[in-house]
Amino acid sequence: MGTAGVSSEQKTQTLVITFGIEGNLCYLSHHETVSMLQRALIRAGVRLVYSQGFNPRPRLSLPLPRAVGVRSDCEMLCALVEAGRIRRIDPFPAGGASSGGVYSSDIRLTDTKTLFQPVAATYRISVSDLSADAKIQEAMSRLREDLAEHRPVEIERVSGANGPSRIRDVGPYLSTIEQGPTG
């Protein structure tokens, strides 16, 4: 397994894995996803670095948590590992026990403790036969105009069946809305 902590002279590196998640595994919560990834790294022989204290935890992070039920092809895991102990690894080998919905697309090792702050995210929303519905076309056109002129783009979030609803302006978080060949 991993080490019990990091001594002041122990060298560490940051393992950065870009991965995708699909199928039934996209219904895992953030906590369950971190646990699954931790177990996959341990199975792959990665020497994780653990926090100090009464209940040591592996130093793992997912810089941009994914919502439950959302498929993704560009998730990122950062793990603090013992320096010099990583050889060529793939925590999600094809045909392995965890490969039924998780795959790695890039694995890097940095020599420093690296923190990633997300600056942007790209979402793809599939809409069948977008061009057939004039109302959708009109709404998309209005949305593009609102973004271009920096007007508020408001959505209503409802908390549960009887919960309060809140209006939020998501305009500052959107840069473009594009229509691709499939919608």
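The values are calculated or read from the model by the stated rules, or taken from the named source; none is laboratory data. In this text, all values refer to a predicted model and were calculated from it rather than measured experimentally. With ideal geometry, Cβ positions are generated from the backbone for all residues, glycine too; neighbour counts draw on all protein chains shown. These accessible areas exclude ligands, DNA and RNA; they are computed on the full protein's heavy atoms, side chains included. Shrake-Rupley method; radii C 1.70, N 1.55, O 1.52, S 1.80 Å.
Things to note:
- Surface share of carbon and sulfur [accessible, 1.4 angstrom probe, percent] for segment 105-177: 52
- Highest mean packing first, where packing is the average number of other Cβ atoms within 10 Å per residue, the peptides 37-50, 102-115, 17-30 line up as 37-50, 17-30, 102-115.
- Estimated vicinal HN-Hα couplings, Hz - segment 170-178 in sequence order (Karplus 6.51, -1.76, 1.60; Gly, Pro = x): 9, x, x, 9, 9, 10, 8, 10, 10
- Cβ-defined net charge surrounding S159, 14 Å radius [Lys, Arg +1; Asp, Glu -1]: +2
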